[in-house]
Amino acid sequence: MDLLKERVLMKTIDELMCLQNKKVIVIGGAGHIGASACDALAELGAKLAVLDRQKGRHANYICDLKSDLESRSVLQQAMQDLGGLDILIHCAAYVGAAPIPGWKDAFERQTVLAWEEAMRVNLTSIFSLIQESAPILQKSTAASVILFSSIYGMVGPDMRLYESTDMANPAAYNASKGAVLQMTRYLATLLAPKIRVNAISPGGVLRGQPDLFQERYCQRTPLQRMATEEDIKGAVIYLASDLSRYVTGHNLVVDGGYTIW
């Protein structure tokens with residue numbers, strides 16, 4: 001009888017996945033992955049505030065993550081306007097194609113200035129903004145933080161993929177993304193049990209890369225293709241919603257199998 005009662009009380013998948021009126025802040029929401037995440041969240045009824053350095057389809061709060069004071073101030077304004085916070089997603093980052101002097105260069109020409117700027121955006125802003133938002137997240141009944149790492153936070157880059165192309169894989173990108181995974185573990189233990197903290201590590205996302213790179217990448221990937229932004233949507237919804245209510249400190253790898261060999 002007790003078992004039957006327990007089954008009756010279990011939520012449906014639709015109920016577990018529901019994000020209706022959940023208060024969500026997406027940091028880096030004007031980018032490709034961020035915008036796709038916003039689309040998915042909005043489709044399920046979430047109330048969005050989107051922070052980015054430039055306006056985009058969803059971005060309605062402009063801030064420079066290199067400025068700690070500005071980032072914290074804008075985040076506080078967004079939380080105030082939302083009337084609280086249930087879900088915080090950080091997907092802002094300097095990636096390999098970022099137009100920074102001393103960044104997209106051979107290792108011996110990569111600069112400390114570019115390294116420090118990338119670390120500030122990719123990693124230090126996570127520390128700042130979660131520190132700022134944690135007291136508000138603590139008040140939620142289902143708080144979730146989602147950080148974005150990368151396969152290059154898990155494995156070293158195969159430089160053969162980049163030969164004879166103008167693409168690059170900067171050292172600071174790899175180092176910062178590896179640190180994001182450790183920050184995920186740290187925060188998951190520190191902020192439990194009120195706040196869950198998880199990471200998503202995407203593989204290479206198709207974005208007009210040279211044909212030679214795409215061919216090499218696909219040959220090296222078990223599913224034989226690069227990712228699309230749509231491939232990330234399910235991971236975001238899973239970690240944002242009650243579908244993952246007993247999951248924290250996890251790195252959800254969305255890479256077509258790239259890192260399994």
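The values are calculated or read from the model by the stated rules, or taken from the named source; none is laboratory data. Model, not experiment: these values are computed from the prediction. As a convention, Cβ positions derive from the backbone with ideal geometry for all residues, glycine included, and neighbour counts pool all protein chains shown. Protein only, heavy atoms only, side chains kept; ligands, DNA and RNA dropped before computing areas. Shrake-Rupley method; radii C 1.70, N 1.55, O 1.52, S 1.80 Å.
Of the heavy-atom accessible surface of the chain (probe 1.4 angstrom), what whole percent is carbon and sulfur? Let's see the in-between values first.
Numbers: 7300 of 13150 Å².
Roughly 55 percent, rounded to a whole number.
Using a 1.4 Å probe, how large is the accessible area of residue 159, given in Å² and rounded to the nearest 10?
100 Å²
Given the rule -39500 (n - 2.57) for each run of at least 4 DSSP H residues, summed and divided by the residues of the chain, what is its mean residue ellipticity at 222 nm, to the nearest 500 deg cm²/dmol? Walk me through the numbers before you get to the answer.
Details: 9 runs with 103 residues, N = 261.
Value at 222 nm, helices only, nearest 500: -12000 deg cm²/dmol.
Of the trypsin sites (Lys or Arg not before Pro) in the stretch 99-184, which ones lie in a loop per DSSP and count no more than 14 other C-beta atoms within 10 Å? Mind dumping the intermediate values first?
Values: sites: 104, 109, 120, 139, 160, 177; in loops: 104, 139.
Passing sites in the stretch 99-184 are 139.
Stretch residue 77-residue 10 to full length: gain in nm at 0.36 nm per residue minus the Cα-Cα span?
Residue separation times 0.36 nm, minus the Cα-Cα distance, leaves 20.4 nm.
Report the calculated FRET efficiency for residue 194 and residue 158 (r = Cβ-Cβ distance, R0 = 51 Å), to the nearest 0.05. Display every interim value, and only then the final one.
Working: r = 40 Å, r/R0 = 0.79.
Working from the Cβ atoms, E equals 0.80.
Hey, of (i) 14.2; (ii) 15.1; (iii) 13.0, which did the structure itself give for mean projected area of the Cα convex hull in nm² when calculated?
Computed from the coordinates, mean projected area of the Cα convex hull in nm² corresponds to (ii).
Counting heavy atoms of the protein chains only and a 1.4 Å probe, report the per residue accessible area for the stretch 165-261 as a whole number of Å². If you can, show how the numbers build up before the last one.
Details: 4610 Å² over 97 residues.
Spelled out: the 1.4 Å probe surface of the stretch 165-261, per residue, equals 48 Å².
Under 5 Å between amide hydrogens, which residues at least 5 positions from residue 252 or on another chain qualify, with H placed 1.01 Å from N in the peptide plane?
The answer is 199, 200, 201.
Output the DSSP H helices from the chain with an along-axis C-alpha extent of no less than 27 Å and a mean Kyte-Doolittle hydropathy no less than 0.0.
Details: long enough: 171-191 (29 Å, 0.46).
Both cut-offs are met by 171-191.
Which entries in 55/194; 23/194; 22/55; 11/177 show an alpha-carbon gap greater than 25 Å?
From 55/194; 23/194; 22/55; 11/177, over 25 Å: 55/194; 11/177.
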